[in-house]
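**Q** Below is one structure. I have some questions about it.
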Amino acid sequence: MSTLIEIVNPSYLLFPALLGTLIMGLVCPLVGSFLVLRRTVFLGLTLPEIAAAGVSFTFWLQQTGVLPQLSQAERTIGMIGSLVFTFLGMGLLGYLEQRGKGPAEGRLAAAYAFAGSLTILFMVFNPAGQIEVLNLLKGEVIALSKAELRLVVGVFGLVFVAMLVFRREFLLTSFDRDLAFLLKGRQVVWDVLLYLLAGLIIAFGVIMAGPLLIFGFLVLPALAAKPLVSRMSSFLTVSSVLGLVMAFLGFYSSVRLDLPLGPTDVALGCCLIFLAYGVRRITARTFAVLIVTCLAISVTACSARAPAEPVPEAKTINAEEVWLAKVKNSTALPLLLPSNNPLRSLAEMVGKISSDYRQNVMDLLRENLKTELAQKGFQISLPEEQDVRFVAFPTDASAAARMAREGKLSGAVFASEIWRWEIESQKFVRVLIDFKLIRLDDGAVLWERRVQGAIPTPSATNAGQASNDAVKAIVRDLFAG
Amino acid sequence: MKSQQDVVAIKSARGGHSEEESLPLVSLDNVSLGYDSAPVLNAVNLAIYPGSLIGLAGPNGSGKTTLFRTILGLLAPIAGTLSRSCPLSNFGYVPQSAALDPQFPLSASEVVEMGAYGRVHPYQFLPAREKERVKEVLQQIGLPQLAARSFFSLSGGQKQRMLIARALMVNPKIMILDEPLSGVDEESRRSIADLLTKLTREKGLAVFFSSHDLEMVQRVADGIVRIDKGQIWLDERKARLHP
């Protein structure tokens, strides 16, 4: 439950991301409902892919020097490409529709495949920017800043108001074009407006949240709402509410269980559809109760873990000495810190490390652990100073105890193993690390903790600083009483 | 039988003689109509007067819907002159219910409300007087109890009557109904026919409806316009010709 309280707190670092996701979850289904009813769902899939091609294209232009390099405005540049490609794509699809050549599904399928291939090709042309493009297309909404949130509020707010104001016109044009013409004149105005609004949220949404999540928000809540309602007004309301549920539950699960947001939300949206068709025979009220119950169960299940215990005090474990093992790296990545790391420069200056040595995350973590353990009253020793075999100390308790006995060590060993360390957008680091305090006499695990999730690093301006901040945050959390 | 060059003009069966009733609501003067410049009907001369109940009879694919779409301004005439004495928003159009997409989650009352959309500004909620009017027209067609039901769960006859109610919401001067009697049971046919007769007799509306069933048209309409093989003519067995 603490995570739930934490993420809904406005001071929470990821609160803008939560708000952004909720806004998208609220507004996208309003537009998506009409795409579903007009049987143009595939347009909701194709346009985000076209927008993604636009993002990839602008980054390639930047690499070739046609566009200026603005490292602080990655999203802005991507957004321009996304907008231009989306509206060009819509214009072209509209023109082909007018000419009526070939089936609409065929045109959309070809456009989807073409846009997908362009996205990859532009990335291949631009190897230097591949990671940035991939990050943007992954749509880490979790890294949404307050300025970007204001943009989301502006754009999606505008679309929301337009959808409410013109709901009758959109309905009439979608349902009975002949009557729409008799009562409101040329319906092409309403078609253009509807697709303009769709294009707007797709172009902005793709850069903020990625094509998968935007497609999911557009289509899945509307598909889930359809079997539950028999009125258009209820359809729009229920779609939006289900979009909100999908957004909130997805965000919560993503933070709590350290899952990527886009796929988590989409998987939840699909579950909602199955649930809706499964319970279509029961009343709307019963369904609402069911949804609330599922929400409560999910939140409770996610929160069911016992609160994490901090590292115990030295006197409570009766260990004379704690051996701080080297941190094991199981990520298959070197996890080296950048050479311009200021910590490294300081160490070099005082002659503690050679100039060809590159510090890594494991060393940084061990340094921080050493300081904190000492403050807890532990007498810290480094096993490799006792015996060179202890350079790699196992994290398995019984293996660690056996090895320690062979080396005639006594007391306890503090072992750590990094399974995941990914720096994303410098604003947070995704980690998975196991920590254990093992008594060497009998191999008993005196304390253990798994740290998993996105560690916010809001003030970091480069990857090295992000790693440094994340290490400090993790160690602080381990020792917090 | 008249040749297609003659003016097919049908006046009110009530025999009204006011100045308004002496002007045709719609007149087609030597009009050719069709799709993509390929005429389906040539040299159509037709005038529809207030208070007339006209049936348009012809086999499937003869051009009945094309004629209706041209009158409603949905298709531009290829040649000739088409004139209307009232705006298009005074035309109550009843399409074939099968032409509407059943995947829209709409209640019957929501479908009927659509007839008022032309009078309601986008930023407005549906005014109370329009909601009252919905109740009135549902009463008029005799189905007020079905207002909350899903439109596409209704029977063919009920759907057709709901679409007539929607057309009445427009406050029409003329109603154009595309095959309103096809695909409905006998009781619904009688009910719809009675309703159309009542609308012309009591409200003075002009009603122009189509059917491929000539016998049915003869039973219901005051005047019958026949259409077949690119030609249109007045069936004199029932109609009174305008001089």
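The values are calculated or read from the model by the stated rules, or taken from the named source; none is laboratory data. Source: prediction; values computed, not measured. Quick reminder, even Gly has a Cβ in these numbers, built from the backbone with ideal geometry, and neighbours come from all protein chains shown.
**Q** Which one of the conditions (1) out of contact with any strand residue (DSSP E or B) (no Cβ under 8 Å at 6 or more places or on another chain); (2) at pLDDT 70 or above; (3) not assigned by TED's automatic domain parsing to the domain that holds A:Ser381 does A:Asp258 fail to meet, given that it meets all the rest?
**A** (1)
**Q** Related question: I'd like to know if segment B:204-224 contains one or more residues that are at positive phi and in the same structural domain as B:Gly61 (by TED's automatic domain parsing).
**A** Yes: one or more hits.
**Q** Another question, then. Restricting to segment A:4-28, count the residues that are buried (at least 17 other Cβ atoms within 10 Å of the Cβ) and either in contact with a Cys (Cβ under 9 Å, 6 or more places away or on another chain) or within 14 Å of chain B (Cβ to nearest Cβ) (or both).
**A** Matching residues across segment A:4-28 total 0.
**Q** Has segment B:46-55 got at least one residue that is assigned by TED's automatic domain parsing to the domain that holds B:Phe209 and modelled with pLDDT under 85?
**A** Checking segment B:46-55: not a single residue is assigned by TED's automatic domain parsing to the domain that holds B:Phe209 and modelled with pLDDT under 85.
**Q** Which one is farthest from the other protein chains (Cβ to nearest Cβ), of the residues in segment B:21-60 that are more than 18 Å from B:Phe209 (Cβ to Cβ) and outside any strand (DSSP E or B)?
**A** The qualifying residue farthest from the other protein chains (Cβ to nearest Cβ) is B:Ser22.
**Q** Looking at (1) more than 23 Å from A:Phe160 (Cβ to Cβ); (2) within 14 Å of chain B (Cβ to nearest Cβ), which is the one condition that is false for A:Val55?
**A** (2)
**Q** Separate question: Please enumerate the residues belonging to segment B:81-100 that are within 9 Å of chain A (Cβ to nearest Cβ), touching a Gly at 6+ places or on another chain (Cβ under 9 Å) and in a helix (DSSP H, G or I).
**A** Residues satisfying the conditions are B:Leu88, B:Ser89.
**Q** In segment A:172-202, how many residues are more than 26 Å from A:Met24 (Cα to Cα), buried (at least 18 other Cβ atoms within 10 Å of the Cβ) and more than 9 Å from chain B (Cβ to nearest Cβ)?
**A** 1
**Q** Collect the residues in segment B:101-132 that are of a type in the set (Val, Ile, Thr), crowded, with 20+ Cβ neighbours inside 10 Å and facing chain A (nearest Cβ under 9 Å), keeping them in residue-number order. Walk me through how you get there before you give the answer.
**A** First, pick out the residues of segment B:101-132 that are of a type in the set (Val, Ile, Thr): B:111-112, B:120.
Then drop every residue that is not crowded, with 20+ Cβ neighbours inside 10 Å, which leaves B:111-112.
Answer for segment B:101-132, where residues must be of a type in the set (Val, Ile, Thr), crowded, with 20+ Cβ neighbours inside 10 Å and facing chain A (nearest Cβ under 9 Å): just B:Val111.
**Q** Also, I was wondering about something else. Which condition does B:Ala79 not pass, out of (1) more than 22 Å from the chain's Cα centre (by Cα); (2) not assigned by TED's automatic domain parsing to the domain that holds B:Pro24, if it passes all the others?
**A** (2)
**Q** May I pose another question? Looking only at residues that are surrounded by fewer than 20 Cβ atoms within 10 Å (Cβ to Cβ), within 22 Å of the chain's Cα centre (by Cα) and of a type in the set (Gly, Ala, Ser) in segment A:458-481, which one is farthest from A:Glu309 (Cα to Cα)?
**A** Selected residue: A:Ala463.
**Q** Something else now. Given the options B:Ile71, B:Ile78, name the one that is closer than 20 Å to B:Ser210 by Cα, touching a strand residue (DSSP E or B) at 6+ places or on another chain (Cβ under 6 Å) and more than 9 Å from every other protein chain (Cβ to nearest Cβ).
**A** Exactly one of B:Ile71, B:Ile78 is closer than 20 Å to B:Ser210 by Cα, touching a strand residue (DSSP E or B) at 6+ places or on another chain (Cβ under 6 Å) and more than 9 Å from every other protein chain (Cβ to nearest Cβ), namely B:Ile71.
**Q** Moving on. Condition first: under 15 Å from A:Gly81 (Cβ atoms), of a type outside the set (A, V, I, L, M) and either touching a Gly at 6+ places or on another chain (Cβ under 7 Å) or at pLDDT 80 or above (or both). Now tell me which residues in segment A:107-154 satisfy that.
**A** The answer is A:Thr119, A:Phe122, A:Phe125, A:Gly139.
**Q** Tell me, please, whether a residue that is of a type in the set (Gly, Ala, Ser), modelled with pLDDT under 80, surrounded by 15 or more Cβ atoms within 10 Å (Cβ to Cβ) and assigned to a loop (DSSP other than H, G, I, E, B) can be found in segment A:315-329. Explain how you work it out, then say what you get.
**A** So the first thing to find is which residues in segment A:315-329 are of a type in the set (Gly, Ala, Ser), and the list is A:319, A:325.
Checking the rest, the ones that are also modelled with pLDDT under 80 come to A:319.
Applying the additional criterion that residues be surrounded by 15 or more Cβ atoms within 10 Å (Cβ to Cβ) yields A:319.
With assigned to a loop (DSSP other than H, G, I, E, B) added as a condition, the list becomes A:319.
Within segment A:315-329, one or more residues are of a type in the set (Gly, Ala, Ser), modelled with pLDDT under 80, surrounded by 15 or more Cβ atoms within 10 Å (Cβ to Cβ) and assigned to a loop (DSSP other than H, G, I, E, B).
**Q** I've got another one for you. Checking A:Gly154 against (1) assigned to a helix (DSSP H, G or I); (2) surrounded by fewer than 19 Cβ atoms within 10 Å (Cβ to Cβ); (3) within 14 Å of chain B (Cβ to nearest Cβ), only one condition comes out false. Which one?
**A** All conditions pass for A:Gly154, except number (3).
**Q** Related question: Could you say which residue among A:Gly216, A:Gly278 is touching a residue at least 24 places away in the same chain (Cβ under 8 Å) and out of contact with any Phe, Trp or Tyr (no Cβ under 7 Å at 6 or more places or on another chain)? So that I can check it myself, show each step before the final result.
**A** Values: A:Gly278 fails: touching a residue at least 24 places away in the same chain (Cβ under 8 Å).
Within the list A:Gly216, A:Gly278, the selection yields A:Gly216.
**Q** Here is a further query. In this structure, does B:Asp185 turn out to be out of contact with any His (no Cβ under 9 Å at 6 or more places or on another chain), touching a residue at least 60 places away in the same chain (Cβ under 8 Å) and either more than 30 Å from B:Phe104 (Cβ to Cβ) or not aliphatic (A, V, I, L, M) (or both)?
**A** no
**Q** What's the total number of residues in segment B:85-115 that are of a type in the set (D, E, K, R) and either in contact with a Lys or Arg (Cβ under 7 Å, 6 or more places away or on another chain) or not assigned by TED's automatic domain parsing to the domain that holds B:Ser150 (or both)? Before the answer, list the steps.
**A** So the first thing to find is which residues in segment B:85-115 are of a type in the set (D, E, K, R), and the list is B:101, B:110, B:113.
If we keep only those that are either in contact with a Lys or Arg (Cβ under 7 Å, 6 or more places away or on another chain) or not assigned by TED's automatic domain parsing to the domain that holds B:Ser150 (or both) too, we end up with B:110.
Residues in segment B:85-115 being of a type in the set (D, E, K, R) and either in contact with a Lys or Arg (Cβ under 7 Å, 6 or more places away or on another chain) or not assigned by TED's automatic domain parsing to the domain that holds B:Ser150 (or both): 1 in total.
**Q** Based on this model, can you work out whether A:Ala162 counts as within 14 Å of chain B (Cβ to nearest Cβ), of a type in the set (A, V, I, L, M), more than 30 Å from B:Val94 (Cβ to Cβ) and assigned to a helix (DSSP H, G or I)? Quick ask: steps written out before the conclusion?
**A** Values: within 14 Å of chain B (Cβ to nearest Cβ): yes; of a type in the set (A, V, I, L, M): yes; more than 30 Å from B:Val94 (Cβ to Cβ): yes; assigned to a helix (DSSP H, G or I): yes.
So A:Ala162 fits the description; yes.
**Q** May I pose another question? Can you name the residue in segment A:140-151 that is surrounded by fewer than 18 Cβ atoms within 10 Å (Cβ to Cβ) and part of a helix (DSSP H, G or I) and, of all such residues, is nearest to the other protein chains (Cβ to nearest Cβ)?
**A** Here is the first cut: in segment A:140-151, the residues surrounded by fewer than 18 Cβ atoms within 10 Å (Cβ to Cβ) are A:145-147, A:150.
Right, trim to part of a helix (DSSP H, G or I) and you get A:146-147, A:150.
On the way: A:Lys146: 31, A:Ala147: 31, A:Arg150: 25 Å.
Of everything passing the filter in segment A:140-151, A:Arg150 is nearest to the other protein chains (Cβ to nearest Cβ).
**Q** Which condition breaks for B:Ser182 when tested against (1) surrounded by fewer than 22 Cβ atoms within 10 Å (Cβ to Cβ); (2) at pLDDT 85 or above; (3) polar (S, T, N, Q)?
**A** The failed condition is (2).
**Q** Restricting attention to segment A:55-63, does a residue exist that is assigned to a loop (DSSP other than H, G, I, E, B), over 21 Å from A:Phe217 (Cα atoms) and in the same structural domain as A:Leu196 (by TED's automatic domain parsing)?
**A** For segment A:55-63, residues assigned to a loop (DSSP other than H, G, I, E, B), over 21 Å from A:Phe217 (Cα atoms) and in the same structural domain as A:Leu196 (by TED's automatic domain parsing): absent.
**Q** Check B:Ile48 against each of (1) among the aliphatic types (A, V, I, L, M); (2) touching an Asp or Glu at 6+ places or on another chain (Cβ under 7 Å); (3) crowded, with 17+ Cβ neighbours inside 10 Å and name the one condition it does not meet.
**A** Among (1) among the aliphatic types (A, V, I, L, M); (2) touching an Asp or Glu at 6+ places or on another chain (Cβ under 7 Å); (3) crowded, with 17+ Cβ neighbours inside 10 Å, the lone unmet condition for B:Ile48 is (2).
**Q** Can I ask one more? Can you work out which of the residues in segment A:1-50 that are at pLDDT 90 or above and of a type in the set (Gly, Ala, Ser) is farthest from A:Thr264 (Cα to Cα)?
**A** Per the criteria, the residue is A:Ser33.
**Q** Could I ask something else about it? I want to confirm something. Restricting to segment A:230-241 and keeping residues that are part of a helix (DSSP H, G or I) and either within 14 Å of another protein chain (Cβ to nearest Cβ) or of a type in the set (Asp, Glu) (or both), which single residue is surrounded by the most Cβ atoms within 10 Å (Cβ to Cβ)?
**A** Across segment A:230-241, the extreme among qualifying residues is A:Ser239.
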